[in-house]
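The values are calculated or read from the model by the stated rules, or taken from the named source; none is laboratory data. Everything quoted here is computed from the prediction, not taken from an experiment. Glycine also receives a Cβ, built like all others from the backbone with ideal geometry; neighbour counts cover every protein chain displayed.
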Amino acid sequence: MAQVLYRKWRSQTFDEVVGQEHVTQTLRNALRDGRTAHAYLFTGPRGTGKTSTARLLAKAVNCLEPDLAKRPDNTCDICVSINNGSLLDLIEIDAASNRGIDEIRDLRDRVHFAPSQARYKVYVIDEVHMLTPEAFNALLKTLEEPPPHVIFVLATTEPHKIPDTVLSRCQRFDFRRIPPYKVAGWLAHILEQEGRSAEPAALEMIARSTEGSMRDAISLTDQLLSYGDAVITEEQVRAVRGTISSIAIAALVDELVAGDASGGLATINQMVAEGIDLRQLALQLVAHLRAVLLCQVNAEQARELLTDLSDEQLAVAQAQAVESSRDATMQALKLFNQASLDIRTATQPQLVLEMAWLDALEPPVETPVAPAAVYAPAAAPADVKISSSMSPAAEPRVKEFASTSNASAPAGGQPLPRPAEPVPDNEVVEVLRANWTTLLQAAETAQGPQLRGALRTLRNVVASGNDIHFAFARDFAKNVVEKPANRQCIEDLIGQLLGRRVHVHCQVGAQVTGVTEQQPAPAVRSAAEKPTEADLEQDPVALHAQHELGAVASKIPPDNKE
C-alpha cells in the first residue's frame, strides 16, 4: 500500500518545519545550551506542525550525534527508530480517546520506569484539552515533580480549556497559521520530488483554501494527484475544493464597487451553477475586502500586512480601494462575514449570499446619536418615503410610541409597544416609522435575518384602512416577505403595534401604485391649519423624520400626492 503524502513528507528536521521559525529556533537554542524543559505545551491550529515538532524534539534530545547543533541527524539508531515508529521510549497518546483518570494514573505509574533504549522517555499527549478534570488533577502531580528522565509535550488546538495549574508548569509555544505563499512553496517542492508539477495558480488556490494548515494542503494535493494528470490545474482544484480563483473574486468585487446589482447576482448564480462552495465564496470575499480596507486605511502599510498577496493582487486591491469608500467596504465586510456564518444553517444558502450582496450595495447608514427620550430608528432604510404627511393629531401618538421604545436596538424577543386603543388610519404610517427598527428586530427574532434583510429594501409604504401596502426595490425582497410564514409574522407584528388586525400587500417599485392612501381627517386639512413648508422645517417631529429616515416626502404639502 502506498504511503500517503502527509506521512511521507512529515518534517524530519527543524528546517523542514514550515512557517514556525519562532518555535524551532528557540528549541534549537535550548538543545544547544542544554536547557530543555521537562514539560512543553504546543498550541495552534490543526495541521501546523505541533506533533511533528514534538517528534523532532524527541529525536533531538535522544540523538546519538555528539554535535548538539546537528541534532537530529536522522542516521543514528535512535532517530531511525523514531522515524519508523519502533522506539518504545516515545509514547504518543490521543487524549480524545484516552481522557479518563484511569489512563492517566497508568501513565503516572509507568513514568518512573527508566527508558529502555533512549536517554529520555518522551510523552506526547495530543488534544490534551480533552482530558477530564480528574485526569488533569492526576497529571498535575507528575508535571510538578517529574522524573529526570521524562519529558512531556502537550499538544492542543484549544489551550483555553487547559487548567491554569497545568499551563503554569509548561513552556508554551504558539504555532501560527502558515502563510499561503509558504504553503505553496513547500507543495511545489514536494511535487518536484515526486516527479509531478502544478500550475502556480493551482498551488495558490490549495494554500488559500486550507487556511494555513500544511497537513490539509498536502492531503488535498495527494487527492488531486489521483486524477492521474501530469500537472495539477487550477480547474481541478476548483472542482475538488469548490473554491474560486482570485481573479474571479476580484471581478466580483469590481461589480460591487461599480454598484452592478444584476451583474453581481448573475456572477454568483454562475458560480453556484459551477458547483462552488457558497461559504468558501463568502470567506474569499471577506479576505479580498479586508485587503481593500487595509489599502484604504494605509496604502503603504498594506504591503507589509498583506504578505500573502502577489503584487498583481495587491495592485487590484489598491485600485478598488480608490474607487470605493471605507464605510462601504466595512459594511460589505460585515455583511459577507455574517453571511459566511448564516450559510451553515440556512435552508437556501444562495439567498443568504444574494441578500448580503444586495445589502452591500446600499449606501452605508450612519447611526446618529438620539436623545434619551426619542427613539432613533437607525436601521431603517435611509430612503423610505412616507406617503402620508404628519398631522398635528398624529404627533402626540408618535411621540408616545417613541418614548415606549428603548433608545438602543431592542434585544431578541422584546415586545413591540402596544397602544391603549387602535391607532387611527391617518396615523398608521407615522407609527410604523417611529417603531421601524423595533419591528425589524422583532421580525428577525421570529423568522431570521433573511426577513429583516428583505424589509431593509423597503422603498414606500401606504396605509389604506386595514391594508398596509409595501413597495420594495427588488423582486427577491417582495418574494421573501410574501412567504406565508413571513407575511403572517409581519401582519401579527404590525397588528400588535397598531392594536388591530391588518393585511400586508407587496409590490415592486419606488412607489406604491394603484392604491388610494388614507387621508387625514377634514378638520386637520382645513386651509387655516394646513402646515406650510416653513412650518414643517421647524416641526421637531418632521425634522426627526427627515434627519433619521430621509423621509423627503414629509416636506410635501398634504394636497400634493407622490
* To do: Being polar (S, T, N, Q), surrounded by 21 or more Cβ atoms within 10 Å (Cβ to Cβ), part of a helix (DSSP H, G or I) and touching a residue at least 12 places away in the same chain (Cβ under 8 Å) narrows it down to one of 26, 53, 48, so name that one.
  => 53
* To do: Residue by residue through the stretch 438-464, note down the ones that are touching a Ser or Thr at 6+ places or on another chain (Cβ under 8 Å) and among the β-branched types (Val, Ile, Thr).
  => 438, 461, 462
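Yes/no per residue for (1) of a type outside the set (Gly, Ala, Ser); (2) more than 26 Å from residue 350 (Cα to Cα); (3) in the same structural domain as residue 457 (by TED's automatic domain parsing); (4) at pLDDT below 50:
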| residue | (1), (2), (3), (4) |
| --- | --- |
| 470 | yes, no, yes, no |
| 478 | yes, no, yes, no |
| 481 | yes, no, yes, no |
| 484 | yes, no, yes, no |
| 490 | yes, no, yes, no |
| 532 | yes, yes, yes, yes |
| 535 | yes, yes, yes, yes |
| 562 | yes, yes, no, yes |
* Kindly provide the set of residues from the stretch 195-214 that are within 23 Å of the chain's Cα centre (by Cα) and part of a helix (DSSP H, G or I), ordered by number. => 204, 205, 206, 207, 208, 209, 214
* Odd one out for residue 59, checked against (1) in contact (Cβ under 8 Å) with a residue 60 or more places away in the chain; (2) crowded, with 22+ Cβ neighbours inside 10 Å; (3) not aromatic (Phe, Trp, Tyr) -> (1)
* To do: Name the residue, out of 253, 240, 257, that is surrounded by 15 or more Cβ atoms within 10 Å (Cβ to Cβ), within 17 Å of residue 210 (Cα to Cα), within 23 Å of the chain's Cα centre (by Cα) and of a type in the set (Val, Ile, Thr).
  => 240
* Options 266, 291, 299: the member that is surrounded by 15 or more Cβ atoms within 10 Å (Cβ to Cβ) and among the aliphatic types (A, V, I, L, M) -> 291
* To do: Could you please give the count of residues in the stretch 309-327 that are assigned to a helix (DSSP H, G or I) and under 24 Å from the mean Cα position of the chain (by Cα)?
  => 9
* Selection status of residue 192, under 30 Å from residue 100 (Cβ atoms), of a type in the set (Asp, Glu), not in a loop (DSSP other than H, G, I, E, B) and not assigned by TED's automatic domain parsing to the domain that holds residue 311 -> no
* Asked: Checking residue 104 against (1) crowded, with 20+ Cβ neighbours inside 10 Å; (2) under 21 Å from residue 36 (Cβ atoms); (3) among the β-branched types (Val, Ile, Thr), which test does it fail?
  -> (2)
* So which of 82, 162 is in contact with a His (Cβ under 9 Å, 6 or more places away or on another chain), among the β-branched types (Val, Ile, Thr) and on the phi < 0 side of the Ramachandran plot? -> 162
* Structure fact -> Scanning the stretch 433-482 for residues that are assigned to a helix (DSSP H, G or I) and among the acidic types (Asp, Glu), the one surrounded by the most Cβ atoms within 10 Å (Cβ to Cβ) turns out to be 444
* Confirm whether residue 306 is under 22 Å from the mean Cα position of the chain (by Cα) and surrounded by 19 or more Cβ atoms within 10 Å (Cβ to Cβ). => no
* Among the residues listed as 465, 453, the single one being of a type outside the set (Ser, Thr, Tyr), closer than 18 Å to residue 353 by Cβ and assigned by TED's automatic domain parsing to the domain that holds residue 503 -> 453
* Asked: If residue 202 passes every condition in (1) modelled with pLDDT under 90; (2) assigned by TED's automatic domain parsing to the domain that holds residue 234; (3) surrounded by fewer than 14 Cβ atoms within 10 Å (Cβ to Cβ) but one, which one does it miss?
  -> (3)
* Condition check for residue 247: among the hydrophobic types (A, V, I, L, M, F, W, C), loosely packed, with under 15 Cβ neighbours inside 10 Å and closer than 21 Å to residue 180 by Cα -> yes
* Asked: Any idea which of 297, 292, 316, 286 is β-branched (Val, Ile, Thr) and touching a Phe, Trp or Tyr at 6+ places or on another chain (Cβ under 8 Å)?
  -> 286
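Quick grid of which residues meet (1) over 29 Å from the mean Cα position of the chain (by Cα); (2) at pLDDT 95 or above; (3) of a type outside the set (Lys, Arg):
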{"site": "28", "(1), (2), (3)": "yes, no, no"}
{"site": "31", "(1), (2), (3)": "yes, no, yes"}
{"site": "36", "(1), (2), (3)": "yes, no, yes"}
{"site": "40", "(1), (2), (3)": "yes, yes, yes"}
{"site": "44", "(1), (2), (3)": "no, no, yes"}
{"site": "47", "(1), (2), (3)": "no, no, yes"}
{"site": "53", "(1), (2), (3)": "yes, yes, yes"}
{"site": "57", "(1), (2), (3)": "yes, yes, yes"}
* Asked: Quick check, is residue 211 in contact with a Pro (Cβ under 8 Å, 6 or more places away or on another chain), in contact (Cβ under 8 Å) with a residue 12 or more places away in the chain and acidic (Asp, Glu)?
  -> yes
* To do: Answer yes or no as to whether residue 221 is in the same structural domain as residue 10 (by TED's automatic domain parsing) and assigned to a helix (DSSP H, G or I).
  => no
* Within the stretch 182-195, is there a residue that is in contact (Cβ under 8 Å) with a residue 12 or more places away in the chain and among the polar types (S, T, N, Q)? -> no
* Test for residue 133: is it exposed (fewer than 13 other Cβ atoms within 10 Å of the Cβ), closer than 13 Å to residue 163 by Cβ and in the same structural domain as residue 81 (by TED's automatic domain parsing) -> yes
